[in-house]
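Every read-out reported here was derived from the displayed coordinates using simple, explicitly stated rules and does not represent laboratory data. Please read all numbers here as calculations on a predicted model, not as lab measurements. Glycine also receives a Cβ, built like all others from the backbone with ideal geometry; neighbour counts cover every protein chain displayed.
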Amino acid sequence: MRVLLFVLSMAFAANVIAAEPQSVRPGINDTYLNPDLNPEAQNKGFTSENRETFANRVEIAAAIGLKPGMTVADVGAGTGIYAPVFSKAVGSSGKVHAVDISKPLLAFIEKSMKEAGITNVTTVLGSDKSINLPPNTVDVVFTSDVYHHFEYPQVILADIRRVLKDGGQFIVVDYDHVPGVTTPSMLQHVRTDKKTVIAEVTAAGFKPPEEVTISGFKSSFFLRFRK
């Protein structure tokens, strides 16, 4: 009897382990938990004009089609480069949730919004498996250079789908793998290309995407998925 119980308990443990989501890139976000936020570091990172998503941020924001009263979640908000644009687009009746896993980055956004007098942006501490927002409350979930940082993509995609309203948009702006254009270091850093993103997101229950053209993009893409 004891042998049978042991076998059953081992089988149960094996099933639990098998059911645990597996990280696709362990530790990929560790450096962002305590980032260097001095201006010189920012000019080489989040706010570098050499970064396509920063240089084209106004066109990117306009392409989403935000309207007054909407609620948008900027997932992986970083230093909040999109927050002022989103805030203006949704107006005083709308909401912007700046979501990140880094407390220092969220504190940075809070300080920036306070100094700018922006009141419709709130910060939300997310995790590698959840964006920590209520279900069916968000019109748009936006990510910019963030998808390749999803450590547990299927888990976080299910959570994103959970928080979106029916028909809501999931925007993925990220690096593609473009031969002769994408740098070798970026090819090594970014695990996904556009084809992989489309396969993973549609497998999570989203409709096939619309690709939006951003004039300044050379090695990035803009995909609009819907719940």
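Values computed for the structure shown
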| quantity | calculated |
| --- | --- |
| J(HN,Hα) series, segment 133-142, from Karplus relation 6.51 cos²θ - 1.76 cosθ + 1.60, nearest Hz, glycine and proline x | 10, x, x, 6, 10, 10, 7, 9, 9, 10 |
| Proxy reagent accessibility, fewest Cβ within 10 Å first, across F217, F142 | F217, F142 |
| Cα centroid separation - segment 129-177 against segment 97-112, whole Å | 17 |
| Cross-link partners of K95 among aspartates and glutamates (Cα-Cα below 13 Å; sequence separation of 8 or more within a chain) | D74, D139 |
| Segment 57-226 - Rg and Dmax from Cα coordinates, angstrom | 15.3, 45 |
| Neighbourhood charge, 15 Å Cβ-Cβ cut-off, centred on L164 and excluding it, Lys, Arg +1 and Asp, Glu -1 | +4 |
| Vicinal HN-Hα couplings computed from phi for segment 159-166 (Karplus, 6.51 cos²θ - 1.76 cosθ + 1.60; Hz; Gly/Pro x) | 5, 4, 5, 5, 7, 6, 6, 4 |
| Only Lys, Arg (+1) and Asp, Glu (-1) charged, at Cβ; the chain dipole about Cα centre in debye | 540 |
| Integer Hz, Karplus 6.51/-1.76/1.60 couplings in order for segment 148-158, x for Gly and Pro | 5, 9, 5, 6, 10, x, 5, 5, 5, 5, 5 |
| Placed amide H near N120: partners under 5 Å, 5+ positions off or other chain | none |
| Listed residues F225, N120, I109: farthest to the positive end of the dipole of segment 57-226 (Cβ charges) | N120 |
| Relative contact order for the chain, counting Cα pairs under 8 Å that sit 6 or more residues apart, in percent | 17 |
| Relative exposure of L66, L223, judged by other C-beta atoms within 10 Å (fewest first) | L223, L66 |
| Dipole magnitude of segment 98-191 about its Cα centre (Cβ charges: Lys, Arg +1; Asp, Glu -1), debye to nearest 20 | 180 |
| Beta bridges per DSSP with both ends in the chain, % antiparallel, nearest 5 | 35 |
| Neighbourhood charge, 12 Å Cβ-Cβ cut-off, centred on H149 and excluding it, Lys, Arg +1 and Asp, Glu -1 | -4 |
| Environment charge at F225 (Cβ cut-off 12 Å; Lys +1, Arg +1, Asp -1, Glu -1) | +2 |
